[in-house]
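The structure under discussion appears below in the form of structure tokens.
The values are calculated or read from the model by the stated rules, or taken from the named source; none is laboratory data. On a predicted model such as this, the values are computed, not experimentally measured, just so you know. We place every Cβ from the backbone using ideal geometry, glycine too, and count neighbours over all the protein chains shown.
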């Protein structure tokens, strides 16, 4: 058990951790809900589940499970899955399409798209079941990261339409065609029972497309959400303790001290170069490879060939 926890901690803390963290949060919620389902009475499980999945009814005398009593589910819904197939499908999509977006635009842009896609998906379901007359009064729930994944997939396809993925039995296919098939299938699904879910998928895809178009104009739609996340995360970051020490040094004229001085100088140069490479890698993690200058790209290339 200890080694499993150590592996999870390592995965959580590894470089470029956002993708792993998003997947782990979804998996942890899935495991928790299913443990409750296995070990507790059905009534208790139902109450727990209601606090993760989003009720689609806003105001209704016919429903006791109303969104106004559980507003936090607007967020928790797109981290919640009930079936294994549901979470597997979404996490694979998050990994495949999210890796493309992260590699080129960085972790923060990926998080911004995930959050704004999930939130727009939740909002679309609330609008559908409360403002569209045909569906008004229906009692449903919203759950799953599908809208967030559709947003990430559409964003990746919009930014890099010619990027190819190798599909089993088919071979390399441009990402724009793969995403178009997903969107078309969601349109077909509007005639099926899961109309709320399909609307959320389409809303997520639309906001992913809009996000990239606005980003190309210099407008990051995810910035307000990321600012709120940064503010909340600041309360959990430990304060750094800086210690300053002063040491005196004596100069000697011996060959031994001269050699030692040169060695230290060389060590400092190596450490300085490594610090510079680390800073470049951090920049890629935050803003993507495209944010690097020509000089930084050349330094990274030179370092990789050493």
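Taking the listed residues 30, 44, 84, the one that is modelled with pLDDT of 90 or more and either in contact with a strand residue (DSSP E or B) (Cβ under 8 Å, 6 or more places away or on another chain) or closer than 16 Å to residue 141 by Cβ (or both) is 30, with no other qualifying. Checked against (1) within 24 Å of residue 226 (Cα to Cα); (2) in contact with a helix residue (DSSP H, G or I) (Cβ under 7 Å, 6 or more places away or on another chain), residue 65 meets all criteria but (1).
Candidates 89, 95: the one that is in contact (Cβ under 8 Å) with a residue 60 or more places away in the chain, within 23 Å of residue 33 (Cβ to Cβ) and outside any loop (DSSP other than H, G, I, E, B) is 95. Restricted to the range 116-228, the set of helices (runs of 4 or more DSSP H) holding at least 1 residues that are free of Cβ contacts under 8 Å to residues at least 40 places away in the same chain and surrounded by fewer than 17 Cβ atoms within 10 Å (Cβ to Cβ) comprises 175-188, 195-216. Taken over the range 104-115, residues that are under 23 Å from residue 83 (Cβ atoms) and either out of contact with any helix residue (DSSP H, G or I) (no Cβ under 6 Å at 6 or more places or on another chain) or surrounded by fewer than 24 Cβ atoms within 10 Å (Cβ to Cβ) (or both) amount to 0.
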